[in-house]
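Read through the structure below, which is laid out as structure tokens, and then see the notes.
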């Protein structure tokens, strides 16, 4: 007989028929007449209840049916008399495929802290919380591809190992096959990277943008979705050394079209999760509500998770220029009462506290801030006619902060080369990037979206380490 | 006015209406009365013809409309009188957005060699051949996600930076933030990796399988699709240092179910490309037919590209055990005439020449070879009852060779630990992997498919460097 998944069984896939269930025991309870075994197979957050009559199954058979054990159950799927589930299985046979010793299996019935579960990231996938998180992550990843596919964007796999640094700075991981204990050296004592695998020094990519721009000049609209790396020693709830980024690049787009696309994209992905992971989101919503009970009244969420997501999907993002944002901040009571830790004036970069004020206090919704001072933004962003600002945009989300960074790209060769030199990049090293301006260049734009930040937003998880299966952070590369 | 893409215009999106076209000039020809400009925007392999009457456009205007230039054209979309296209644009205005100096732009009308185009990988995306290849790659990548999504598999992002080596061997790239010129050392002179970013030595992943197995024990069915790395000094047409791999892992699957899934998957992806990239495939088919003209009769393809793909989609893959395969080889005339370079006997690994004989001469279709001798396969493959073979499978495709490697996994703790030790792996280092057997283990299986090999198969491209945008190979990390 073919196995049927819990998700299908709970939708009444084969009522009053014999079915084969395979999965892992979540709980077992009962009395001397009957045992109730809750089985989960990861297809849904819900368990399927297996009813095992004591007269059919000896204690001997049931003793290994413990939390965490893998079992196969044959029986009739019937409408459930009990509360909490529509269907259950009246078991005729139960086979234990893999035991889970109750003395040593770490995931017992009680709730575990997220910190503890991070230590056993390989097992946390089996909990309700992380099951929900990673089913949602899966849905969102699919939505990313679906969105761009429907729009005719070409998915580009830009290189992971690279000899260039797209941001013109940033701390990078070196990639090498040299013997680090005894590397080859040139006559003057420098490392001889000519003997390295690629014949030069290489790093892990910090962005696929430049290769993406190249591809946009061929396909009009492209996107990347791949891993990206930062070797920053940031032990925060918002940073990973290895994370997944989505970077669309579009020929013939200006900043407004860029912002429109980003807003449409974010709403699409959230809506898709709401439609396809309703139960997972509801579970996480309850989790947050429980968390909130331990917080003082003024720190509790104003909206439930679902309400927050629906609010984002159904409302326009706010759009302000950087200059307007500075005005808002300087006119705020918060500012007047000197509650900002960092300086606020035209020309400074917005700090997290400023972004949060704008998003969470002032607008109470996602905000697209555009036209930042050129000196605090990257060289490749298009210089505005004022000569002071660039056609940049950041999208800030409540509770998360910056979720998107993008810009119209500088397509004018002379200005681009000048700005490269100003930040110390040798234009010759970027010959292929500059070819996009040299040959058939055009106005174009793009953005980068940190996938984990978006998953955080949708799942409500406070720590970015809890939305990627095996997080990579300073001092941590286990699993 | 909003721009319309060539693909939509060629499907008659706005006949007899004014439209805005943006794209790159492929060719310009004409006479003193009229100019014909072929414009491509990457949305399709086909160009849209722009008709520019000499009386409306001065030579001055048209002089920068050269091959490679980016232009914007306004005009009426009309049914075409000429051959080769259904629609064309009667231009009322033409704006050159970015010039492409005919003296220096490398992509002129004449055909370029693939070798030359590899040197300008950033520009080759603008050619018909590579346009077709990467549109097909995009379609196939989407099909990968669509297939698994429809089956309820969870997409897992397994780590790229890892401290473990899933294959138990294999040459790997080191990842480090240490100063290679002057690394910290322990008292005994070894590199002190405790001071490295992750507090230990780390590498780029060679496979996400082990993390995938962990996840399958939570979600039943999962897949990965991400970059994978080999630091092998292989300068061949079949190897990349950085490539994308798809690795599904399924709880409660045996080897046959594994093979069934792999076959269904490959057919699905190919069929999806046939349905969605018909014109691109036809273009590449013509390209191959041209190539064949330069080959001796006996080296030419028996089937066209489309025929080959449809043949694969519409026929069952052949299935043989390794033992049967060895028998076939040893009973072949090829063997009797001593035409195999490498030894054939039970126990040796199949060489490329053997695989090609089986696939291209004997069966003339994809072949699934199962149950290899345990000594030539990985420690994690399930030992068969004969004690000599393991439940492994390789899928071999005509012209490509191995496209899939997979197995039922060894779920029995004692046997697994024994095999680990036999190949020199310390079980303690793999504690989390072994936990999948320790707690709720179950029969399970999975496979890995090299995405580029599959793209090669569908596009007919002979060199794997021509199916990934920016290939990474020994001595080559440009772009």
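The values are calculated or read from the model by the stated rules, or taken from the named source; none is laboratory data. The structure presented is a predicted model; accordingly, all values stated were derived computationally and were not measured. Every residue, glycine among them, receives a Cβ derived from its backbone with ideal geometry; neighbour counts consider all protein chains shown.
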field: Tally of residues being under 17 Å from the mean Cα position of the chain (by Cα) and away from every other protein chain (no Cβ under 11 Å) across the stretch A:115-130
entry: 2
message: Looking at the stretch A:216-230, can you tell me whether even one residue there is within 22 Å of residue B:174 (Cβ to Cβ), assigned to a loop (DSSP other than H, G, I, E, B) and in contact (Cβ under 8 Å) with a residue 40 or more places away in the chain?
response: yes
Restricting the stretch A:91-101 to residues that are surrounded by 13 or more Cβ atoms within 10 Å (Cβ to Cβ) and part of a loop (DSSP other than H, G, I, E, B), the residue that is farthest from the other protein chains (Cβ to nearest Cβ): A:99
field: Scan of the stretch A:216-235 for residues that are farther than 27 Å from residue A:265 by Cα and more than 9 Å from chain B (Cβ to nearest Cβ), ordered by number
entry: A:232, A:234, A:235
message: It is to be established whether one or more residues within the stretch A:269-286 are surrounded by fewer than 16 Cβ atoms within 10 Å (Cβ to Cβ), in contact with a strand residue (DSSP E or B) (Cβ under 6 Å, 6 or more places away or on another chain) and touching a residue at least 24 places away in the same chain (Cβ under 8 Å).
response: no
message: Here is a check on your reading of the model: is residue B:407 part of a loop (DSSP other than H, G, I, E, B), assigned by TED's automatic domain parsing to the domain that holds residue B:442 and in contact (Cβ under 8 Å) with a residue 40 or more places away in the chain?
response: no
task: Taking residue A:189 as meeting all but one of (1) under 16 Å from residue A:249 (Cβ atoms); (2) in a loop (DSSP other than H, G, I, E, B), write down the number of the exception.
output: (1)
field: Unmet criterion (only one of (1) in a loop (DSSP other than H, G, I, E, B); (2) within 8 Å of another protein chain (Cβ to nearest Cβ); (3) under 30 Å from residue A:274 (Cβ atoms)) for residue A:112
entry: (2)
statement: residue B:199 meets each of (1) facing another protein chain (nearest Cβ under 7 Å); (2) part of a loop (DSSP other than H, G, I, E, B); (3) in contact with a strand residue (DSSP E or B) (Cβ under 7 Å, 6 or more places away or on another chain) with one exception, condition (3)
message: Go through (1) modelled with pLDDT under 95; (2) surrounded by 24 or more Cβ atoms within 10 Å (Cβ to Cβ) for residue A:233 and report which single condition fails.
response: (2)
task: Take the residues in the stretch A:115-140 that are touching a residue at least 24 places away in the same chain (Cβ under 8 Å) and not in a helix (DSSP H, G or I), then tell me which one is nearest to residue A:46 (Cα to Cα).
output: A:126
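Every residue, every condition in (1) out of contact with any helix residue (DSSP H, G or I) (no Cβ under 8 Å at 6 or more places or on another chain); (2) in a loop (DSSP other than H, G, I, E, B); (3) modelled with pLDDT of 95 or more; (4) not assigned by TED's automatic domain parsing to the domain that holds residue A:446, yes or no:
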| residue | (1), (2), (3), (4) |
| --- | --- |
| A:356 | yes, no, no, no |
| A:361 | no, no, no, no |
| A:369 | no, no, yes, no |
| A:395 | no, no, yes, no |
| A:399 | no, yes, no, no |
message: I'm checking my understanding of the structure. Among residues of the stretch B:402-418 that are crowded, with 21+ Cβ neighbours inside 10 Å and out of contact with any strand residue (DSSP E or B) (no Cβ under 6 Å at 6 or more places or on another chain), which one is nearest to the other protein chains (Cβ to nearest Cβ)?
response: B:411
query: Across the stretch A:429-475, what is the total count of residues that are within 7 Å of another protein chain (Cβ to nearest Cβ) and surrounded by fewer than 21 Cβ atoms within 10 Å (Cβ to Cβ)?
result: 4
- prompt: Would you say residue B:247 is assigned by TED's automatic domain parsing to the domain that holds residue B:151 and buried (at least 23 other Cβ atoms within 10 Å of the Cβ)?
  reply: yes
query: Could you say whether any residue in the stretch B:152-164 is more than 9 Å from chain A (Cβ to nearest Cβ) and in contact with a strand residue (DSSP E or B) (Cβ under 9 Å, 6 or more places away or on another chain)?
result: no
task: Name the residue, out of A:144, A:133, that is modelled with pLDDT of 95 or more and more than 10 Å from chain B (Cβ to nearest Cβ).
output: A:133
- prompt: Just for the stretch B:202-215: of the residues that are in contact with a helix residue (DSSP H, G or I) (Cβ under 7 Å, 6 or more places away or on another chain) and at the interface with chain A (Cβ under 9 Å from one of its Cβ atoms), which one is farthest from residue A:172 (Cα to Cα)?
  reply: B:214
message: Out of A:260, A:254, I need the residue that is surrounded by fewer than 19 Cβ atoms within 10 Å (Cβ to Cβ), touching a strand residue (DSSP E or B) at 6+ places or on another chain (Cβ under 6 Å) and assigned by TED's automatic domain parsing to the domain that holds residue A:408. Which one?
response: A:254
- prompt: Looking at this structure, is residue A:241 within 14 Å of chain B (Cβ to nearest Cβ), touching a residue at least 24 places away in the same chain (Cβ under 8 Å), out of contact with any helix residue (DSSP H, G or I) (no Cβ under 8 Å at 6 or more places or on another chain) and on the phi < 0 side of the Ramachandran plot?
  reply: yes
- prompt: Does residue A:241 fit the bill of being crowded, with 24+ Cβ neighbours inside 10 Å, over 20 Å from residue A:144 (Cα atoms) and touching a strand residue (DSSP E or B) at 6+ places or on another chain (Cβ under 7 Å)?
  reply: yes
